[in-house]
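Have a look at the structure below, then the notes.
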Amino acid sequence: MDASRVVEEPFPAQSKVATGPIDGVPTEASVLYFSDKILLTLSQEGRLSQWIQVPLSAPSSATVDMALANPSLLPMSHLTPKTLLGGGGEERESLAQLYAVQIASHIARRNSDEQRTLVVGLGLKTLRPDREAFFDVLELIQKVF
């Protein structure tokens, strides 16, 4: 094929990237919006070690709860995370699932019509159950959503 006929096109999926500190470590957050999935990655030092999916679609009984305004930081009860790859032990896996459900709750509260599946790739150097790191994650993901 003639190189002069090649037209550079942007990647068809919408994307957004932001950086910020999580637990004092520079972190890159990126999101890609596909027709059936939303892919979010949180990476420190170029790593991605855990992948979790959370379907945002809700059974009809949960739709009523979603329609009510709820500014709570508690995760929505209908969201069920599933670890796809990685783990790092029971505590790390549970904490990663909590982060994924919290991010999914943020998305669902912003757009109650969202039905895609959220896929979260985590590559955090340390994943600790402390308040400051948790709020750092929430602050960073708000920059990409």
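Net charge near residue 45, counting Lys/Arg +1 and Asp/Glu -1 over other residues with Cβ under 11 Å of its Cβ?
Local net charge: +1.
Please list the non-local residues whose amide H lies under 5 Å from the amide H of residue 38, H modeled 1.01 Å from N, same-chain partners needing a gap of 5 or more.
Amide H neighbours of residue 38: 117, 118, 119.
Residue 131: net charge of surrounding residues, Cβ under 14 Å, Lys/Arg +1, Asp/Glu -1, itself excluded?
-4
If you wrap a convex hull around the C-alpha atoms of segment 95-135 and split its volume per residue, what is the figure in Å³?
Roughly 66 Å³ of hull volume per residue.
Under the Karplus relation 6.51 cos²θ - 1.76 cosθ + 1.60, θ = phi - 60°, what is the ordered set of whole-Hz ³J(HN,Hα) values for segment 34-49, x standing for Gly and Pro?
For segment 34-49, the Karplus curve yields 9, 5, 10, 9, 10, 10, 10, 10, 10, 10, 10, 6, x, 9, 9, 10 Hz.
Every read-out reported here was derived from the displayed coordinates using simple, explicitly stated rules and does not represent laboratory data. The shown structure was predicted, so the numbers you read here are calculated from the model rather than taken from an experiment. As a convention, Cβ positions derive from the backbone with ideal geometry for all residues, glycine included, and neighbour counts pool all protein chains shown.
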